[in-house]
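Inspection log for the structure reproduced underneath, given as structure tokens.
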Amino acid sequence: MTQTTVDDAIETGTVRVNDDVQLTYERRGSGPDVVLVNNFFMDRKSWRSYTANLASTARLTSYDLRGQGESSPQAGEPVWEDHITDLKALFDELGIEKAVLVGTSFSTLICRDFAVAYPERVHGLVLAGPAMSPHGGQRLRRITKAWLKTLDTSGLGVLYDTLYPLVSGDLAVEEAGPIGFMGRKQNFLGIHSVESLRAGLAVSVKAPLEPEIMTRVKQPTLLFVGGDDFSLSTSAVEEMTRLFPDTTTVTVPNGGHLAFLEEPEWFQREAVAFIERVAGPGD
């Protein structure tokens with residue numbers, strides 16, 4: 001493990017998982033450990049704009065997944081379980097004994113599977129816009145395969161044009177307008193490559209999506225969902241709440257799939273309260 005200090009607030013470094021994979025991470029704040037797990041459409045730096053309040057009560061660790069950002073490129077065929085073992089290596093190398101995991105969209109599946117595999121290392125889960133269904137995974141797999149095909153046939157720009165109206169709530173799209181859309185698109189194109197997104201989408205198709213896995217999560221779980229999430233109906237959220245053994249659900253009425261981006265203050269209030277309940281108060 002190597003470490004460098006960027007400034008007084010952010011510590012950055014690398015963790016070597018094996019001879020081929022090195023993960024780049026950053027840490028900030030103090031208090032109970034909270035590990036932020038990226039979905040495949042963001043990088044570790046994306047969290048900074050949405051977690052300032054969290055950093056005042058917890059020690060936040062974020063990292064680029066393999067094949068993403070400043071971590072090692074994906075070599076060979078993507079394997080879903082690699083993301084679970086990568087997270088374990090991060091915990092071990094950074095001396096994180098136990099943490100709250102925060103995930104969004106597809107990364108909620110990484111959080112779920114890590115909690116099942118290593119229950120003694122997890123205080124609880126914050127799952128924002130979970131990419132899960134109480135009915136099974138066929139619909140989500142078909143959507144992901146369609147996105148992968150769009151990427152391969154039409155490129156990053158067209159993929160974003162397809163994603164934006166789906167993952168954003170109707171109200172958020174109206175409020176952002178054309179200028180907001182173009183600004184977010186430029187940011188998206190600036191942090192991703194075709195190769196990084198292909199690796200992320202290809203491994204997402206392999207993620208286990210059986211509803212029964214939710215019943216194996218024994219830790220307290222906070223579901224932060226949007227009422228306008230294209231992938232989760234109100235009834236589906238209610239059924240998911242019954243599958244997770246210990247669940248608190250917060251619904252943003254007009255929020256989309258990424259409601260935590262649309263209502264960051266609300267998200268952080270709920271996350272802080274949850275973290276204090278399951279891991280104790282910060283400094």
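In this structure the amide hydrogen of Val252, modeled in the peptide plane, comes within under 5 Å of the amide hydrogens of Val225, Gly226, Gly227, none closer than 5 places in sequence on its chain. DSSP bridge analysis restricted to the chain gives an antiparallel fraction near 35%, rounded to the nearest 5. Residue-wise HN-Hα couplings along the stretch 132-137, as the Karplus relation 6.51 cos²θ - 1.76 cosθ + 1.60 with θ = phi - 60° gives them from phi, are 9, 9, x, 9, x, x Hz; Gly and Pro carry x.
Can you tell which of Thr215, Thr104, Thr247 shows the greatest fluctuation in a Gaussian network model of the chain with Cα springs below 10 Å? The residue with the greatest mean-square fluctuation here is Thr215. Is the shape of the stretch 147-238 rounded, prolate or oblate, going by the alpha carbon gyration tensor and its root eigenvalues a ≥ b ≥ c, with a/c under 1.5 for rounded and a/b larger than b/c for prolate? Oblate. The modelled label-to-label distance between Glu120 and Ile10, using points 7 Å beyond Cα along the C-beta direction, is 3.5 nm.
A full extension of the chain between Ile179 and Asn18 corresponds to an added length of 53.6 nm, given 0.36 nm per residue minus the alpha carbon distance.
Kindly point out which whole DSSP H helices in the chain project their C-alpha atoms 20 angstrom or further along the helix axis while averaging a Kyte-Doolittle hydropathy of -1.0 or above. Kindly include the intermediate steps, with their values, before the conclusion.
Working: long enough: 80-94 (22 Å, -0.38); 138-154 (23 Å, -0.85); 170-191 (25 Å, 0.13); 264-279 (21 Å, -0.10).
Taking the DSSP H segments of the chain (at least 20 Å long, mean hydropathy at least -1.0), we get 80-94, 138-154, 170-191, 264-279.
For the stretch 214-228, backbone phi angles converted through the Karplus equation (6.51, -1.76, 1.60; θ = phi - 60°) give residue-by-residue couplings of 4, 5, 8, 7, 8, 7, x, 10, 9, 9, 10, 10, x, x, 10 Hz, Gly and Pro being listed as x. When the Cα positions of Gly29, Thr12, Val102 are compared along the charge dipole of the stretch 9-125, Gly29 comes out farthest toward the positive end, with charges on each C-beta of Lys, Arg, Asp and Glu. A simple spin-label model places pseudo-atoms 7 Å from Cα toward Cβ; at Ile191 and Lys145 they are separated by 3.0 nm. Quick check on the chain: take the gyration tensor over C-alpha atoms, sort the square-rooted eigenvalues as a ≥ b ≥ c, and tell me if it's rounded (a/c under 1.5), prolate or oblate. The shape class here is rounded. Could you work out which residue, out of Leu189, Leu87, Leu148, moves most in a Gaussian network model of the chain, that is, has the largest mean-square fluctuation with Cα springs under 10 Å? For the chain, modelled as a Gaussian network with Cα springs under 10 Å, the answer is Leu189.
Working from Cα pairs under 8 Å separated by at least six residues, relative contact order for the stretch 93-180 is 22 percent. A Gaussian network model of the chain, with springs between Cα atoms under 10 Å, assigns the largest mean-square fluctuation among Ser231, Ser56, Ser154 to Ser154. Between amide H atoms placed 1.01 Å from N, distances below 5 Å from Leu222 occur with Leu125, Val126, Leu127, Thr248, all of them 5 or more places distant or on a separate chain. Karplus-based coupling profile of the stretch 23-33, in residue order and whole Hz: 9, 9, 10, 9, 9, 7, x, 8, x, x, 6, with θ = phi - 60° in 6.51 cos²θ - 1.76 cosθ + 1.60 and x standing for Gly or Pro. Take the Cβ atoms of Ala273 and Ser233, set R0 to 30 Å, and the FRET efficiency comes out at 0.70.
Using +1 at the Cβ of each Lys and Arg and -1 at the Cβ of each Asp and Glu in the stretch 65-122, identify which of Phe91, Ala115, Gly69 lies farthest towards the dipole's positive end. Farthest along the dipole direction, towards plus: Ala115. Rounded to the nearest 20, the Cβ-based charge dipole of the stretch 1-109 about its Cα centre (Lys and Arg +1, Asp and Glu -1) stands at 420 debye. Take the Cα of Lys98, step 7 Å toward its Cβ, do the same at Thr251, and the gap between the two points is 3.3 nm.
Just so you know, all these numbers are worked out from the coordinates, no wet-lab data involved. Since the structure is predicted, the reported quantities are computational estimates derived from the model, not experimental observations. Heads up, the Cβs are rebuilt from the backbone with ideal geometry, glycines too, and the neighbour counts pull from every protein chain shown.
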